[in-house]
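Heads up: the structure comes next, in structure tokens.
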């Protein structure tokens, strides 16, 4: 195998490793786009860049029959395409929007793949290291400061519509010394599987200093008719 062939293998393998490192962090916290998805995006981006640079018989500035090849054109298409892919990981649950960090990680992983494909290893490695520091270390710092600075939490509940449901939830929150700041109810949707209407409720809560999320989660899981709920990252689904 010639040197050019080895370069292709090295660059694609490096893209798989760097993308996989970021994907492992997302997989660890069970995000929609995890280990394999990040590898695919990074390796695919690297291959697009390799095709853009070398697939038409030249390098960064190849002039053939008076035509200059521009490797940035395919790279620009990759950036646009990954934007649509990242949008698929963003989900809304009531007033909360989830998946923004995962969408951003996919976007940056595509940039890493493009960098590796172009042979810019230093930038790719440093960017991967910074991403991992941001996700693994700074995430904990962010939670620490947000936990100290605010006691307002969002609770989203999806449940079978039944008389007194809102009162039962309010009683649970009252037992735990949680104040309800605001409540908004979503429209009822009839689901044949439950033979009943299903509604969603968004609560804005002010919790006490010694608030135990597990206590609220256990009470909601035991409440008849609750199908699923989300509390500031603590998610459960009741089958």
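The values are calculated or read from the model by the stated rules, or taken from the named source; none is laboratory data. This is a predicted model, so every value here is computed, not measured. Cβ sites come from the backbone with ideal geometry, for glycine too, and all protein chains shown count toward neighbours.
Within segment 150-180, track down each residue that is more than 14 Å from residue 211 (Cβ to Cβ) and either loosely packed, with under 13 Cβ neighbours inside 10 Å or free of Cβ contacts under 8 Å to residues at least 24 places away in the same chain (or both). Selection gives 163, 164, 167, 170, 171. The strands (runs of 3 or more DSSP E) found wholly in segment 147-236 and carrying at least 3 residues that are within 22 Å of residue 29 (Cβ to Cβ) and within 29 Å of the chain's Cα centre (by Cα) occupy 152-160, 226-231.
Given the residues 173, 223, 138, 185, which is the only one that is at pLDDT below 90 and outside the structural domain of residue 101 (by TED's automatic domain parsing)?
Of the residues listed, the single one that is at pLDDT below 90 and outside the structural domain of residue 101 (by TED's automatic domain parsing) is 185.
At least 1 residues being more than 12 Å from the chain's Cα centre (by Cα), modelled with pLDDT under 85 and at negative phi is the threshold, and among the helices (runs of 4 or more DSSP H) wholly inside segment 2-119 those reaching it are 3-28, 35-54, 72-87.
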